[in-house]
Amino acid sequence: MASWIEHSRKPYEAQHRLVGLSDMEVLELVGSFRLCGFWRFNIDSGHIFGTAEYAQIFGIDHCDGPLDLVRLSAAIHPDDLTAMMETFERASAARLTFHNLYRVRTSASSFKFVRSVGKFRAADTGQGDVIGMTYELFPQASTTIGFIPDDELLRG
């Protein structure tokens, strides 16, 4: 499994508006589909900010300020953490859009798969942010195209 895949930038198309959906309705639908959280990593400060749903995915406490990066990192499978950090560095340096598949601890010996999609966002001052969303991948029938087979998902 690739730890991250670089995506080229593609122009934004508001296709949902062509069928009469608002931006707010799209966010509501995405949030209803899966546990989905949004986050922002400030390059200058090294702080990560996330929604309550983002904190819930990692099993950490939510706060209005920066999240506890030590606890957040501890929730990521040790074999995936280095690749995750490299992705943030590369996205920051090269202004990339990316996605990661990685494992998050659910108990002392089990993990779940999550996916993060992110991109670099320039700032008027400072180096900018890496912003994105993270959502849980649920077990699906392995015959369904685009989903991780159950046996791979349940491997710890």
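The values are calculated or read from the model by the stated rules, or taken from the named source; none is laboratory data. Keep in mind the model is a prediction, meaning the values are calculated, not measured. Methodologically, a virtual Cβ is constructed for each residue, glycine included, from the backbone with ideal geometry; neighbour enumeration extends over all protein chains shown.
For region 91-125, which positions are assigned to a helix (DSSP H, G or I) and touching a residue at least 40 places away in the same chain (Cβ under 8 Å)? Steps first, answer last, please.
First, pick out the residues of region 91-125 that are assigned to a helix (DSSP H, G or I): 91-94.
Residue satisfying the conditions is S92 alone.
Is it true that some residue in region 58-71 is in contact (Cβ under 8 Å) with a residue 60 or more places away in the chain, touching an Asp or Glu at 6+ places or on another chain (Cβ under 9 Å) and β-branched (V, I, T)? Talk me through it step by step, then tell me what you get.
Initially, region 58-71 is screened for residues in contact (Cβ under 8 Å) with a residue 60 or more places away in the chain, giving none.
The answer is no; no qualifying residue exists.
Quick one: R95 ticks every box in (1) surrounded by 13 or more Cβ atoms within 10 Å (Cβ to Cβ); (2) modelled with pLDDT of 90 or more; (3) more than 15 Å from the chain's Cα centre (by Cα) except a single one, so which number is it?
If we test R95 against (1) surrounded by 13 or more Cβ atoms within 10 Å (Cβ to Cβ); (2) modelled with pLDDT of 90 or more; (3) more than 15 Å from the chain's Cα centre (by Cα), just (2) comes out false.
I'd like to verify a number: residues in region 18-34 that are surrounded by 10 or more Cβ atoms within 10 Å (Cβ to Cβ) and at pLDDT 85 or above, how many?
Going through region 18-34 one residue at a time, the tally reaches 4.
Inside region 50-67, can you point out the residues that are surrounded by fewer than 17 Cβ atoms within 10 Å (Cβ to Cβ) and part of a loop (DSSP other than H, G, I, E, B)? If you could, list the steps in order and put the result at the bottom.
Taking region 50-67 and keeping what is surrounded by fewer than 17 Cβ atoms within 10 Å (Cβ to Cβ), we get 52, 56, 59, 61-66.
The answer is G59, D61, H62, C63, D64, G65, P66.
Which is at pLDDT below 85 and in a helix (DSSP H, G or I), of M1, M84? Quick ask: steps written out before the conclusion?
Values: M1 fails: in a helix (DSSP H, G or I).
Checking each option against the conditions leaves just M84.
When region 29-49 is examined, which residues are found to be in contact (Cβ under 8 Å) with a residue 40 or more places away in the chain and assigned to a strand (DSSP E or B)?
Within region 29-49, C36, G37, F38, W39, R40, F41, N42 meet the criteria.
Take region 85-99 and flag every residue that is in contact with a helix residue (DSSP H, G or I) (Cβ under 9 Å, 6 or more places away or on another chain) and either among the β-branched types (V, I, T) or closer than 18 Å to S45 by Cα (or both).
Correct list: M85, T97.
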